[in-house]
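Encoded as structure tokens, the structure appears first; notes follow it.
The values are calculated or read from the model by the stated rules, or taken from the named source; none is laboratory data. A quick note: this is a predicted structure, and the numbers were derived from the prediction, not measured. In this analysis, Cβ positions are derived from the backbone assuming ideal geometry, glycine residues included, and neighbour counts consider all displayed protein chains. Ligands, DNA and RNA are excluded from the accessible area calculation, which covers all protein heavy atoms including side chains. Shrake-Rupley method; radii C 1.70, N 1.55, O 1.52, S 1.80 Å.
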Amino acid sequence: MESKYMKRALELAEKGSGFTSPNPLVGAVIVKDGVIIGEGYHEKYGGPHAEINAFKNANEDVRGASMYVTLEPCSHFGKTPPCANAIIEKGIAKVFIGMVDPNPLVAGRGVSLLRENGIEVHTNVLEDECKRQNEIFIKFITTRKPFVILKSAMTLDGKIATVTGDSKWITNDDSRKFVHQIRHRVSGILVGVGTVITDNPYLNTRLEEGPVSHPLRIILDTKARTPLDANVLGNLDEIRTIIATTAMAPAEQLRRLEGKGAEILLLPIKDEHVDLDALMTALGELEIDSVLIEGGSMVNYSAIEAEVVDKVMFFIAPKIVGGETAKTPMGGTGKMLMRDAIALENIGLRQFGGDIMIEGYLEKR
């Protein structure tokens, strides 16, 4: 029964996806006499937490009931009062917790407070599922750097474009819809200026159902070559755009970009390009907790080599285009020996029609 109610709490938590950053996704369920009497989730940053919304939703007195919550209730004052105090005041008898909060401000204090007040507490209920759901929050709250996902799409023979550079579309509608769901979830989307010049993308979220969240657009642009009429410089009142650049950029062009409404991040140079590790540090300082990289082969390889990538998602379409000079997902100098190949762990596979997505986490070197 514990798993049943925690799974429901996880389903509720997912409803906050795209709107709680940099806070975690949290769901809560209140059960009394084997019946759910209240449900809630953290709906948006700065709003009431899941536990409080569950109390508001309860259709009868919660005293003596059990609460299932995906993340340890907070015990400190932040944007809202401590949830642990509310649980105590409401007379909840048992609390089942999915995972302990990695936030140093909480980190077990909520559990201790509940137990000190006579509440029976059970931890690590569906812990792996809860951690997976909040992998972005866990990385950000413990390192102050964003969780980075690298996404790429290729043909069966490993090409991201034909020899002429044509790349629309490699994957099918279902795959592209899923990518937009990821865009909705993350705080930022990153591409190189080459992609901006060649494809002129909007880098927004396009989903038919429900309200959507548009990620901040981040352009890797060492010499500030972003065209002033680029689509990423449109709708800046709705979607922010950051130009990540260096001292190699002409000052006048930076002024023009700022005049269009772009934000300029002047960063150190590494190997004649933007230092990606410095960029991630800067984004963390701006409370950007997650980044989706949708770059070309050079950006992809540079991100992997800089060890800023946490997770990869590779979509493989059942198409063959050939061409020795057609680009592959990874450029750069590459590895000289197979034993030096970068390995993935915790591999997952999903199918979208005829497309297959392989995802995994980079082994820490």
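List of remarks:
- The set of residues from segment 117-135 being part of a loop (DSSP other than H, G, I, E, B) and either surrounded by fewer than 13 Cβ atoms within 10 Å (Cβ to Cβ) or polar (S, T, N, Q) (or both) comprises ASN117, GLY118, THR123, ASN124, ASN134.
- Yes/no for GLY98 being assigned to a strand (DSSP E or B) and in contact with a Leu (Cβ under 6 Å, 6 or more places away or on another chain): yes
- Of all the numbered requirements in (1) open to solvent by 20 Å² or more (accessible area, probe 1.4 Å); (2) modelled with pLDDT of 95 or more; (3) acidic (Asp, Glu), ASP271 misses one, and that requirement is (2).
- Some residue of segment 78-90 being part of a strand (DSSP E or B), farther than 23 Å from GLY18 by Cα, over 22 Å from the mean Cα position of the chain (by Cα) and of a type in the set (S, T, N, Q): no
- Residues satisfying the stated conditions in segment 295-312, i.e. among the hydrophobic types (A, V, I, L, M, F, W, C) and surrounded by fewer than 20 Cβ atoms within 10 Å (Cβ to Cβ): MET298, ILE304, ALA306
- When segment 231-248 is filtered for residues that are open to solvent by 10 Å² or more (accessible area, probe 1.4 Å) and either modelled with pLDDT under 95 or under 21 Å from HIS273 (Cβ atoms) (or both), the ones remaining, listed by number, are GLY234, ASN235, LEU236, ASP237, GLU238, ALA247, MET248.
- The set of residues in segment 22-59 that are in contact with a strand residue (DSSP E or B) (Cβ under 9 Å, 6 or more places away or on another chain), part of a loop (DSSP other than H, G, I, E, B), within 21 Å of LYS4 (Cα to Cα) and open to solvent by 20 Å² or more (accessible area, probe 1.4 Å) comprises ALA58, ASN59.
- From the list GLY194, GLY165, the lone residue that is surrounded by 15 or more Cβ atoms within 10 Å (Cβ to Cβ) and modelled with pLDDT under 95 is GLY194.
- Within segment 337-359, tally of residues that are surrounded by 10 or more Cβ atoms within 10 Å (Cβ to Cβ), assigned to a strand (DSSP E or B) and touching an Asp or Glu at 6+ places or on another chain (Cβ under 6 Å): 2
Listed here are the residues, each with its yes/no results for (1) of a type in the set (S, T, N, Q); (2) open to solvent by less than 20 Å² (accessible area, probe 1.4 Å); (3) at pLDDT below 95; (4) closer than 30 Å to ASN85 by Cβ.
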{"residue": "PHE178", "(1), (2), (3), (4)": "no, no, no, no"}
{"residue": "ILE189", "(1), (2), (3), (4)": "no, yes, no, no"}
{"residue": "THR198", "(1), (2), (3), (4)": "yes, no, yes, no"}
{"residue": "ARG206", "(1), (2), (3), (4)": "no, no, yes, no"}
{"residue": "GLU209", "(1), (2), (3), (4)": "no, no, yes, no"}
{"residue": "SER213", "(1), (2), (3), (4)": "yes, no, yes, no"}
{"residue": "ILE219", "(1), (2), (3), (4)": "no, yes, no, no"}
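- Residues within segment 320-359 that are under 26 Å from the mean Cα position of the chain (by Cα) and at negative phi, tallied: 21
- Scanning segment 72-106 for residues that are open to solvent by 50 Å² or more (accessible area, probe 1.4 Å) and touching an Asp or Glu at 6+ places or on another chain (Cβ under 6 Å) gives LYS94, VAL100.
- Count - residues of segment 283-294 that are surrounded by fewer than 20 Cβ atoms within 10 Å (Cβ to Cβ) and on the phi < 0 side of the Ramachandran plot: 3
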